[in-house]
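Here the structure comes first, spelled out in structure tokens, and everything after it is commentary.
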Amino acid sequence: PGIYVCAKCGHELFSSRAKYEHSSPWPAFTETVHQDSVSKRKERPGALKVSCGKCGNGLGHEFLNDGPQRGQSRF
């Protein structure tokens, strides 16, 4: 339980309350802690490249409409 932060700068990214089980080997979250927790840029249809909102460290992707409920995204 707690807050997941950027490994590079310590910026708050995700809460354990937004974490859920997914078939991928990486942790999956439905939302960020703050609106400015991450920055996003379109990489391909259905996926955004996600970086730390403070230092720009690469965090992976946001997969649109791939969350636990219809219409939710998965980080």
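The values are calculated or read from the model by the stated rules, or taken from the named source; none is laboratory data. Just so you know, these numbers come straight off a predicted model, no measurement behind them. FYI the Cβ positions are ideal-geometry reconstructions off the backbone, even for glycines, and counts take in every protein chain you see. The area values use the complete protein model at the heavy-atom level, side chains included, leaving out ligands, DNA and RNA. Shrake-Rupley method; radii C 1.70, N 1.55, O 1.52, S 1.80 Å.
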For the range 35-45, which positions are more than 11 Å from the chain's Cα centre (by Cα) and in a loop (DSSP other than H, G, I, E, B)? 35, 36, 45
Has the range 38-58 got at least one residue that is among the acidic types (Asp, Glu), in contact (Cβ under 8 Å) with a residue 24 or more places away in the chain and surrounded by 11 or more Cβ atoms within 10 Å (Cβ to Cβ)? no
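Which of the residues that make up the range 46-69 are part of a strand (DSSP E or B), of a type outside the set (Ser, Thr, Tyr) and either more than 11 Å from the chain's Cα centre (by Cα) or under 14 Å from residue 36 (Cβ atoms) (or both)? First the steps, then the outcome.
Of all residues in the range 46-69, those part of a strand (DSSP E or B) come to 47-52, 58-63.
Checking the rest, the ones that are also of a type outside the set (Ser, Thr, Tyr) come to 47-50, 52, 58-63.
Correct list: 47, 50, 52, 59.
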Considering only residues that are open to solvent by 50 Å² or more (accessible area, probe 1.4 Å) and assigned to a loop (DSSP other than H, G, I, E, B), look in the range 15-32 and name the one that is farthest from residue 73 (Cα to Cα). 25
Would you check if there is a residue in the range 38-58 being touching a Phe, Trp or Tyr at 6+ places or on another chain (Cβ under 8 Å), hydroxyl-bearing (Ser, Thr, Tyr) and under 24 Å from residue 1 (Cα atoms)? no
